[in-house]
1. Filter the helices (runs of 4 or more DSSP H) completely within segment 1-112 down to those with at least 1 residues that are closer than 27 Å to A142 by Cβ and at pLDDT below 95.
2. I need every pair where a residue in segment 122-138 that is at pLDDT 90 or above and surrounded by 15 or more Cβ atoms within 10 Å (Cβ to Cβ) has its Cβ under 7 Å from the Cβ of a residue that is of a type outside the set (D, E) and assigned to a loop (DSSP other than H, G, I, E, B), sequence separation at least 6 or different chains.
3. Restricting to segment 95-114, what's the tally of residues that are touching a residue at least 12 places away in the same chain (Cβ under 8 Å), within 20 Å of T43 (Cβ to Cβ) and either touching a Pro at 6+ places or on another chain (Cβ under 8 Å) or surrounded by fewer than 17 Cβ atoms within 10 Å (Cβ to Cβ) (or both)?
4. Out of G190, G198, which single residue is exposed (fewer than 12 other Cβ atoms within 10 Å of the Cβ) and on the phi > 0 side of the Ramachandran plot?
5. Working carefully through the options L191, L212, L131, L162, find the one that is farther than 30 Å from E53 by Cβ and not in a helix (DSSP H, G or I).
Amino acid sequence: MLSATLPLRKRVPPLRKDAPTIWAQMGRTPDDHRASLGYQEITRAAIEIADAEGIRALSMRRVAARLGSGTMSLYRHVATKEDLIDLMVDAVLGEEPVPPTTGDWRRDLAELARRSRRLARRHPWAIRFRLARLSHGPNGLAELEHGVACVSGLGLEIDGVLDFMNTVSAFTVGFVQAELAEEEARRDSGLSEAEWRGRMGPHVQRVIDSGLYPAFVRIVVEAEDYPDPDVTFERQLGMVLDGLAVSLGPSSGHPRASRPRRQRATLNV
């Protein structure tokens, strides 16, 4: 998990390396002093703050204030901001049920990518955590199980299965990040894309007139001006899946010869 962007209060001790995870803590019977707050209530309040103001605005103090609780009461449930973000990401992953697999790995991975994009568009702050350490919460593990099931019929070793899943996930995250970057640029500049293009027009014309950048000229003259992002996503996702299909070799149901397995000292997922 990526590091928290805002420091915790100084009187809260740093997390010990042997400290139990938030998922282990949730499995315990809460003490009486925890009864006034629940993990779902805490997680929901944190998501509301992050959705409205971004992840940088999130702090334990803000969440406690939103719940009308003391900050230290919150720490009795959630020891660190990283634990809180783990809860938030897992809750987001559980907003839409994973669909049943169809036996068509392309169709199943494509639907998983669409689902990931919808969730990330709904909660833009969550995208930065999608390629970080695996969520070991129930919804993250359910998504993992589903992803493996999508390609389980291809006869791949587990590293190959992860390659397929991670390739599609990396494309989806990158696509959504580009979408969000454009929206952020629009907010920061106060200019729509059309207005920004109008402002850049005189400089673009000078670049064209210089004759030094023929590829740039082709883009300006020939490329679609305002492509539909949904259409673009589907087209590029198809390209990614085509590439994965090629990697399977001449027979679509059988992988190429296995590469030497990577050596691991410990399991790290």
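1. Counting at least 1 such residues, we get 22-26, 39-53, 71-77, 81-93.
2. Listed by first residue and then by second, the contacts come to W125/G54.
3. 2
4. Numbers: G198 fails: on the phi > 0 side of the Ramachandran plot.
On inspection, the qualifying residue turns out to be G190.
5. Details: L191 fails: farther than 30 Å from E53 by Cβ; L131 fails: farther than 30 Å from E53 by Cβ; L162 fails: not in a helix (DSSP H, G or I).
After ruling out the rest, the residue left standing is L212.
The values are calculated or read from the model by the stated rules, or taken from the named source; none is laboratory data. Just so it is clear, the structure is predicted and the values come from calculations on it, not from any experiment. All Cβ positions, glycine included, derive from the backbone under ideal geometry; neighbour counts span all protein chains shown.
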